[in-house]
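First up is the structure itself, then whatever we jot down about it.
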Amino acid sequence: MRKNHTLRPNTAFDLNDMVRHEEEHWSRVFTDEISKKLQQHPDFSSYWWEDYYAKIKVYIESFLPEGATIIEFGSGSGKATLLLNSTYKKDLLDVSKSALKYARKLARKLDSKYVRYIEADAFNNQLQKGGYDLCWNIGVLEHYPEKEAIRFITEMMDLTKSGGNIIVGVPNFASLPILKAKLLNFRVFSKIKGYRLDSEINYKKHDLVYLMENAACRAHRQIIFTETFRVGNPLITESPDLFVKLIGKPINYLLPRNRFLLMIRMIIK
């Protein structure tokens with residue numbers, strides 16, 4: 001049962017407007033990124049990000065066999081998927097043409113194989129049902145209120161094989177990176193560069209479980225396993241490498257609930 005109701009009501013929410021907003025926003029972001037020269041090692045720009053992606057990679061590969069089929073919904077750069085096992089067959093789906101163009105550029109730099117790029121609205125895709133061992137996303141669901149979030153996850157479940165995996169990852173509002181993103185919205189910090197919160201909803205663990213359980217009912221699927229995984233050092237992403245290595249490791253161990261990303265994994269049939 002849901003507790004401490006934190007889900008945003010659907011009042012005055014227009015899904016088409018939100019999809020357009022997301023497409024326009026991320027098209028601007030990735031158009032800017034495309035114009036830049038990728039770094040020598042584009043998979044990470046600091047130790048914070050190197051550690052973040054490495055831990056996600058280890059986690060996913062701990063349960064997915066070689067040759068598995070994966071789709072990332074609302075993939076953006078697709079970086080987390082592109083860094084996974086080279087035998088996986090990877091589909092990146094995003095509504096933004098610029099995001100997928102950047103993903104292609106990144107895939108070439110990372111020498112990531114078996115990648116397909118799908119320009120589509122996740123709510124209105126024409127993909128074959130039941131074709132994937134893993135359907136997942138990171139940093140997408142928090143932009144949608146309850147009704148649309150359930151519909152989004154339902155679409156994911158429709159694409160997943162019996163015995164396959166669903167993973168939803170959202171930012172943890174108790175982590176320092178998100179606390180910083182909230183502070184930067186104040187006028188006094190307007191000249192400081194950095195990520196700022198936009199339409200993100202503070203989904204907690206029980207909220208995500210509630211959304212996924214409702215999506216399973218809607219998709220006529222049964223949940224047979226649920227697991228929580230938290231990743232991303234509690235320190236801000238701009239922390240110096242040496243500081244993260246020396247101070248970040250004990251903080252990461254002592255404050256697991258303050259890690260940057262909350263992921264819920266479910267196996268369905």
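None of Leu141, Leu197 is surrounded by 16 or more Cβ atoms within 10 Å (Cβ to Cβ), at pLDDT below 90, under 28 Å from Thr226 (Cβ atoms) and touching a helix residue (DSSP H, G or I) at 6+ places or on another chain (Cβ under 8 Å) except Leu197.
Remark: pairs (first residue in segment 169-196, within 23 Å of Trp136 (Cα to Cα); second residue surrounded by fewer than 18 Cβ atoms within 10 Å (Cβ to Cβ) and small (Gly, Ala, Ser); Cβ separation under 6 Å; 6+ apart in sequence or on different chains) are absent.
Across segment 224-269, the qualifying residues are those that are of a type in the set (Val, Ile, Thr) and over 21 Å from the mean Cα position of the chain (by Cα), and the one among them that is surrounded by the most Cβ atoms within 10 Å (Cβ to Cβ) is Val244. If you filter segment 186-223 down to residues that are within 16 Å of the chain's Cα centre (by Cα) and among the aromatic types (Phe, Trp, Tyr), you find that the one that is nearest to Ile150 (Cα to Cα) is Tyr203.
Kindly establish whether Asp94 is among the acidic types (Asp, Glu), under 22 Å from Phe229 (Cβ atoms), in contact with a Ser or Thr (Cβ under 9 Å, 6 or more places away or on another chain) and in contact (Cβ under 8 Å) with a residue 12 or more places away in the chain. Please lay out each step first, then the result.
Values: among the acidic types (Asp, Glu): yes; under 22 Å from Phe229 (Cβ atoms): no; in contact with a Ser or Thr (Cβ under 9 Å, 6 or more places away or on another chain): yes; in contact (Cβ under 8 Å) with a residue 12 or more places away in the chain: yes.
Judged against the criteria, Asp94 is not a match.
Here's the yes/no breakdown for (1) modelled with pLDDT of 95 or more; (2) closer than 27 Å to Gln128 by Cβ; (3) of a type in the set (Gly, Ala, Ser):
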residue	(1), (2), (3)
Asn4	no, no, no
Leu7	no, no, no
Glu23	no, yes, no
Ser98	no, yes, yes
Asp111	no, no, no
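Which condition number in (1) part of a loop (DSSP other than H, G, I, E, B); (2) out of contact with any helix residue (DSSP H, G or I) (no Cβ under 9 Å at 6 or more places or on another chain); (3) among the β-branched types (Val, Ile, Thr) is the one that Ile236 fails? Only one criterion in (1) part of a loop (DSSP other than H, G, I, E, B); (2) out of contact with any helix residue (DSSP H, G or I) (no Cβ under 9 Å at 6 or more places or on another chain); (3) among the β-branched types (Val, Ile, Thr) is unmet by Ile236, namely (2). Among helices (runs of 4 or more DSSP H) entirely within segment 111-225, having at least 1 residues that are polar (S, T, N, Q) singles out 146-159, 205-219.
The values are calculated or read from the model by the stated rules, or taken from the named source; none is laboratory data. On a predicted model such as this, the values are computed, not experimentally measured, just so you know. Cβ coordinates were reconstructed from backbone atoms using ideal geometry, including for glycine residues, and neighbour counts include every protein chain displayed.
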